[in-house]
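S.K.: One structure is given below, represented as structure tokens, and several questions about it will come after.
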Amino acid sequence: MDFTELKKKQRATWALGEYDRIADGLTISTDQTLRVAQIRPGERVLDLATGTGITAIAARKHGANVTGVDLTPELVAVARRKAKEDGLEDIDFQEGDAEALPFPDASFDAVVSTCGHMFAPDQPKVAAELARVTRPGGRVVFLAWTPEGGLGGWFRITNTHVPPPAGLASPFNWGDPEKVRQLLGSAFRDLTFTRGDCPQFGASPEDIWELFSTRYGPTVRAVASLQGDALQAFRSELLAFLQGYRAADGKVRWGREYLITRAIRA
């Protein structure tokens, strides 16, 4: 598989829509990730696949010296703007690849990621880079959506209508404890797992569809690739899926369950 071409497509996908609108709904998961990470003042922290920078900014507010790296320059630009608005221009945001990080060995006391690294296609390379840039005794703490959770279901439906490249590893491997153990291997010890949920609320299934089909890059891309009856079938299946998350008051509480992994660099 040509990962180079695939990553070009991924970069373009995440630049679609308006991911900042989606990221605004992830503060529950970001806050819990940083509680698990126990970031301390003065630590060197890398936010891997930083996206629009919400985790990097939160880590800087804990007093850490923070670097944020992401494959998509459009998202890095948003992260820099948001940090500037918060008076945190000393965060070092860079464009970079999670499979080939532009940092020396053992550069960081902690590496964190909130659901970004999981979409890098070459998962063993990502795991190797996590090990390389984390100092011995340092820690990695990352959040990933679970395969059985709400985002897992959303992507299963999407992949039925717009199939991913054959042989591509599921990004939801990072939300499966056994797969995580296999990926991290002997480079890490003392793995612990914390589960949580970061629901997306909406007045109706149509409200959530409208948000994600116009703002969330992977869904925007899927919509753009379908036409006519095919697009209507895709929309109808996702609306039916969201209908299953109706609460007693008639509104939608779409559960987006996640797994946080914490591991110590051996």
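Here is a yes/no grid of residues against (1) within 30 Å of Glu129 (Cβ to Cβ); (2) among the hydroxyl-bearing types (Ser, Thr, Tyr); (3) assigned to a helix (DSSP H, G or I); (4) in contact with a Phe, Trp or Tyr (Cβ under 7 Å, 6 or more places away or on another chain):
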{"site": "Asn159", "(1), (2), (3), (4)": "yes, no, yes, no"}
{"site": "Phe172", "(1), (2), (3), (4)": "yes, no, yes, yes"}
{"site": "Lys179", "(1), (2), (3), (4)": "yes, no, yes, no"}
{"site": "Leu231", "(1), (2), (3), (4)": "no, no, yes, no"}
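S.K.: Take Leu239 and decide whether it is in contact with a strand residue (DSSP E or B) (Cβ under 6 Å, 6 or more places away or on another chain), farther than 23 Å from Lys9 by Cβ and surrounded by fewer than 18 Cβ atoms within 10 Å (Cβ to Cβ). First the steps, then the outcome.
M.R.: Working: in contact with a strand residue (DSSP E or B) (Cβ under 6 Å, 6 or more places away or on another chain): no; farther than 23 Å from Lys9 by Cβ: yes; surrounded by fewer than 18 Cβ atoms within 10 Å (Cβ to Cβ): yes.
Considered against the rule, which asks whether it is in contact with a strand residue (DSSP E or B) (Cβ under 6 Å, 6 or more places away or on another chain), farther than 23 Å from Lys9 by Cβ and surrounded by fewer than 18 Cβ atoms within 10 Å (Cβ to Cβ), Leu239 comes out as no.
S.K.: Next up: What about Arg235, is it among the charged types (D, E, K, R) and part of a strand (DSSP E or B)?
M.R.: On the way: among the charged types (D, E, K, R): yes; part of a strand (DSSP E or B): no.
So Arg235 does not fit the description; no.
A quick yes/no check of all residues on (1) surrounded by 23 or more Cβ atoms within 10 Å (Cβ to Cβ); (2) touching a strand residue (DSSP E or B) at 6+ places or on another chain (Cβ under 7 Å); (3) assigned to a helix (DSSP H, G or I); (4) touching a residue at least 60 places away in the same chain (Cβ under 8 Å):
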{"position": "Gly63", "(1), (2), (3), (4)": "no, no, no, no"}
{"position": "Pro104", "(1), (2), (3), (4)": "no, no, no, no"}
{"position": "Ala131", "(1), (2), (3), (4)": "no, yes, yes, yes"}
{"position": "Val140", "(1), (2), (3), (4)": "yes, yes, no, yes"}
{"position": "Leu143", "(1), (2), (3), (4)": "yes, yes, no, yes"}
{"position": "Pro147", "(1), (2), (3), (4)": "no, no, no, no"}
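S.K.: Among the residues in the stretch 69-77, are any farther than 25 Å from Leu211 by Cβ, surrounded by 15 or more Cβ atoms within 10 Å (Cβ to Cβ) and not small (Gly, Ala, Ser)? Steps first, please.
M.R.: Within the stretch 69-77, the first condition is being farther than 25 Å from Leu211 by Cβ, and the residues that meet it are 69.
Checking the rest, the ones that are also surrounded by 15 or more Cβ atoms within 10 Å (Cβ to Cβ) come to 69.
Pick out the ones that are also not small (Gly, Ala, Ser) and you get 69.
Yes.
S.K.: Answer yes or no as to whether Asp20 is closer than 15 Å to Arg215 by Cα and modelled with pLDDT under 95. Step through it out loud before you land on a result.
M.R.: Numbers: closer than 15 Å to Arg215 by Cα: yes; modelled with pLDDT under 95: yes.
Answer is yes for this residue.
S.K.: Out of the stretch 37-50, which residues are under 19 Å from Thr261 (Cα atoms) and either assigned to a loop (DSSP other than H, G, I, E, B) or in contact with a helix residue (DSSP H, G or I) (Cβ under 6 Å, 6 or more places away or on another chain) (or both)?
M.R.: Gln38, Ile39, Arg40, Val45, Asp47, Leu48, Ala49, Thr50
S.K.: Restrict the check to the stretch 21-34 and report whether at least one residue is part of a loop (DSSP other than H, G, I, E, B) and surrounded by fewer than 17 Cβ atoms within 10 Å (Cβ to Cβ). Please lay out each step first, then the result.
M.R.: Just the residues of the stretch 21-34 that are part of a loop (DSSP other than H, G, I, E, B), to begin with: none.
No, the stretch 21-34 contains no residue that is part of a loop (DSSP other than H, G, I, E, B) and surrounded by fewer than 17 Cβ atoms within 10 Å (Cβ to Cβ).
S.K.: Please verify whether Val112 is part of a helix (DSSP H, G or I), modelled with pLDDT of 95 or more and not acidic (Asp, Glu), treating the condition exactly as stated. Give the steps one after another, and end with the answer.
M.R.: Working: part of a helix (DSSP H, G or I): no; modelled with pLDDT of 95 or more: yes; not acidic (Asp, Glu): yes.
No.
S.K.: Among the residues of the stretch 72-79, is there at least one that is hydroxyl-bearing (Ser, Thr, Tyr), more than 22 Å from Arg256 (Cβ to Cβ) and part of a loop (DSSP other than H, G, I, E, B)?
M.R.: No, that holds for no residue.
The values are calculated or read from the model by the stated rules, or taken from the named source; none is laboratory data. Fair warning: this is a prediction, and the values are worked out from it, not measured in the lab. So basically every Cβ, Gly included, is an ideal-geometry build from the backbone, and we count neighbours across all protein chains shown.
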